[in-house]
Amino acid sequence: MQWPNNFPADNNIISPDSGGNFALKGNHDAAIESDYGAAEEPFRTSLHIAAEGGHDSMVDMLLTSGHIAIDESDSDANTALHVAVAGQKLVVALLLLRYGANPNAENAEGWTPVHLAVQTGSLEIVEALVAHGGDLGKKARGST
């Protein structure tokens, strides 16, 4: 393949050589490594973000759209219910439970929303979780 001699390669990873052929310029091992490392970076879904902010109308809209899995985990295996409970967002937690969120889902540390509610001291959220099948007897591993 031939590149035009005036190819603006200063900010590109490929550059033309004197014969008009192209070649990679610079060290690209770091770029390749960072692309592979991207999978290990923290991530959250829109539902997690809405739950964390206590945006019950947004949570409702996302769930009624049919495009969101209610118990989808973030990079720490927290569901949106974990996030709502940890932030003491009662209205959002109730909404998620009404849509069928699992009150016994374990995160990467082995903690459930029930454990988090107990840790935050939110009696109302603990009662709501138990009313929706939350297990008060489940053992937590480690600490968050």
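The values are calculated or read from the model by the stated rules, or taken from the named source; none is laboratory data. Worth saying up front: this structure is predicted, and the values here are computed from it rather than measured. Glycine gets a Cβ as well: all are built from the backbone with ideal geometry, and neighbour counts include every protein chain shown.
A search for C-beta distances below 8 Å between a residue of the range 42-64 that is within 11 Å of L95 (Cα to Cα) and of a type in the set (D, E, K, R) and any residue that is modelled with pLDDT of 95 or more and assigned to a helix (DSSP H, G or I), counting only pairs 6+ apart in sequence or on different chains, returns D56/V91; D56/V92; D56/L95; D60/L95.
Looking at the range 135-144, can you tell me whether even one residue there is assigned to a helix (DSSP H, G or I) and either at pLDDT 95 or above or in contact with a Leu (Cβ under 6 Å, 6 or more places away or on another chain) (or both)? No, that holds for no residue.
The set of residues in the range 69-103 being part of a loop (DSSP other than H, G, I, E, B) and surrounded by 19 or more Cβ atoms within 10 Å (Cβ to Cβ) consists of S73, D74, N78, T79, K89, A101, P103.
Taking the conditions (1) surrounded by 14 or more Cβ atoms within 10 Å (Cβ to Cβ); (2) at pLDDT 95 or above; (3) in a loop (DSSP other than H, G, I, E, B) in turn, V130 satisfies each one other than (3). Evaluate the following for E124: is it modelled with pLDDT of 95 or more, acidic (D, E) and under 16 Å from D56 (Cβ atoms)? So E124 passes the test.
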